[in-house]
Amino acid sequence: MGLPAIPIPTFTGGKPLKKANSNPTGNQLPGRKKPRIPYQNIIMGAAAFAYFFALQTNQVLATDMWSKAESIMKDVYGKILGISTIAAIVTASVALLLMNFSKSGKTVDESRAWLKRIAISWVVLNGLGFILAYVTPFFSDGKWNG
């Protein structure tokens with residue numbers, strides 16, 4: 001069996017939703033389109049101008065990109081090494097205090113394990129600093145300079 005037929009009501013009267021001669025462009029004359037601004041062309045032109053302007057700059061006073069990156073890397077690494085050294089000292093002292101004053105064997109074993117982890121990570125960080133400071137100058141310009 002099917003559904004009973006329901007009559008669809010038809011509405012008559014009232015105002016129409018759209019005006020018959022509506023102008024979609026607003027206040028302009030009815031036969032002209034609104035001019036579009038070519039944003040893509042403007043952006044591409046500005047990018048090309050900036051690119052060519054950057055190519056024309058004088059680079060006599062500028063440092064080499066790699067030497068600047070190396071100095072930034074050494075500066076950041078020095079700060080990380082200082083912070084990690086202080087953190088290693090603080091956490092190692094806490095681990096040593098727990099190891100010496102704890103009555104639980106489990107706490108002593110965990111403190112000893114943490115002390116080993118702290119020492120190993122500090123040695124790895126200082127090893128990277130040794131490589132940066134003393135080994136990389138031997139390989140400057142991609143050649144062995146030893």
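Here, each number is a calculation from the coordinates, and none is a lab measurement. If you're wondering where the values come from, they're calculated on a predicted model, not measured in any experiment. Cβ sites come from the backbone with ideal geometry, for glycine too, and all protein chains shown count toward neighbours.
Between LYS34 and MET65, what FRET efficiency comes out of the Förster formula 1/(1 + (r/R0)^6) with R0 = 30 Å and r the beta carbon distance, rounded to 0.05?
So the FRET efficiency works out to roughly 0.05.
Just to check I understand the Karplus step: with θ = phi - 60° and J = 6.51 cos²θ - 1.76 cosθ + 1.60, what whole-Hz values come out for segment 106-116, glycine and proline as x?
5, 5, 5, 5, 5, 5, 5, 5, 5, 5, 5
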